[in-house]
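The values are calculated or read from the model by the stated rules, or taken from the named source; none is laboratory data. Just so it is clear, the model here is predicted, and its values are computed rather than measured. Glycine also receives a Cβ, built like all others from the backbone with ideal geometry; neighbour counts cover every protein chain displayed.
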Amino acid sequence: MKNILLTFIILISLTACESKKSNSTEKNVTESKKRTSDLNTQKVELTELEKEEKLREKINTEYLAELSKCSQNINAVTDFNGKTEFWRICKLGNGKRIIQINSHEEDALYEEVYYEQNGELIYAEESIKYMPINHYVLQPWTCQFYVKKGKLISLMSLGHGKTEDDEWNPKIIFEMHKKRILELSKIADR
């Protein structure tokens, strides 16, 4: 009877051990699949980051090449926003246009750039530079916006400014652009 009981206990122990091994093996396979899936996800994310970087590089190169063709003459002066603003409008071939707007108010130099193709925004830049009269720039902030098919794809910000505010919404650039296009249509052509 002792031998039967001992054999039974050994069989139960072996079965429990095999069950743990089986569960352990299944767990290892599951974890291995998860790690592989995580690596694939990371590869996709890296690929998306690479795509974003290539898009920024392409737009920057194109924008700078087009900007070099533009005259830096002031085309218009407005006071739509309660301050004097200087506009440079550069119409290029292939439906491209660059609009630059500068103003100085109190201790800040404000600059906006809109680069369009066929009326659609593809690049914008907004900067605010703390620059009191008779001083060099003391504290700059710049944000570059990269757009594809009407959607904000990427942005790059340097310095201290709006991007540090948790309430700031980068998609405001679309509203700013729309407002500027409306103002542009109001500039008298004499």
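Would region 110-128 turn up any residue that is at pLDDT below 95, assigned to a loop (DSSP other than H, G, I, E, B) and more than 22 Å from residue 55 (Cβ to Cβ)?
Checked against the condition, which is being at pLDDT below 95, assigned to a loop (DSSP other than H, G, I, E, B) and more than 22 Å from residue 55 (Cβ to Cβ), region 110-128 yields no hits at all.
Any idea which of 64, 46 is part of a helix (DSSP H, G or I), at pLDDT below 85 and not aromatic (Phe, Trp, Tyr)?
Details: 64 fails: at pLDDT below 85.
None of the others qualify; the one that does is 46.
Anything in region 145-190 that is in a strand (DSSP E or B), surrounded by 16 or more Cβ atoms within 10 Å (Cβ to Cβ) and touching a residue at least 40 places away in the same chain (Cβ under 8 Å)? List them, or say none.
Of everything in region 145-190, those that are in a strand (DSSP E or B), surrounded by 16 or more Cβ atoms within 10 Å (Cβ to Cβ) and touching a residue at least 40 places away in the same chain (Cβ under 8 Å) turn out to be 146, 154.
Please go through region 52-77 and pick out each residue that is of a type in the set (S, T, N, Q), under 17 Å from residue 122 (Cα atoms) and touching a strand residue (DSSP E or B) at 6+ places or on another chain (Cβ under 9 Å). Step through it out loud before you land on a result.
Step one: of region 52-77, the residues of a type in the set (S, T, N, Q) are 60-61, 68, 71-73, 75.
From the residues that got through so far, the ones that are under 17 Å from residue 122 (Cα atoms) too are 60-61.
60 - this is the single residue of region 52-77 that is of a type in the set (S, T, N, Q), under 17 Å from residue 122 (Cα atoms) and touching a strand residue (DSSP E or B) at 6+ places or on another chain (Cβ under 9 Å).
Please enumerate the residues belonging to region 72-93 that are farther than 17 Å from residue 184 by Cα and either free of Cβ contacts under 8 Å to residues at least 12 places away in the same chain or touching a Cys at 6+ places or on another chain (Cβ under 7 Å) (or both).
93
Filter region 91-116 for residues that are surrounded by fewer than 17 Cβ atoms within 10 Å (Cβ to Cβ), among the polar types (S, T, N, Q) and out of contact with any Phe, Trp or Tyr (no Cβ under 6 Å at 6 or more places or on another chain) and give the result.
Answer for region 91-116, where residues must be surrounded by fewer than 17 Cβ atoms within 10 Å (Cβ to Cβ), among the polar types (S, T, N, Q) and out of contact with any Phe, Trp or Tyr (no Cβ under 6 Å at 6 or more places or on another chain): just 94.
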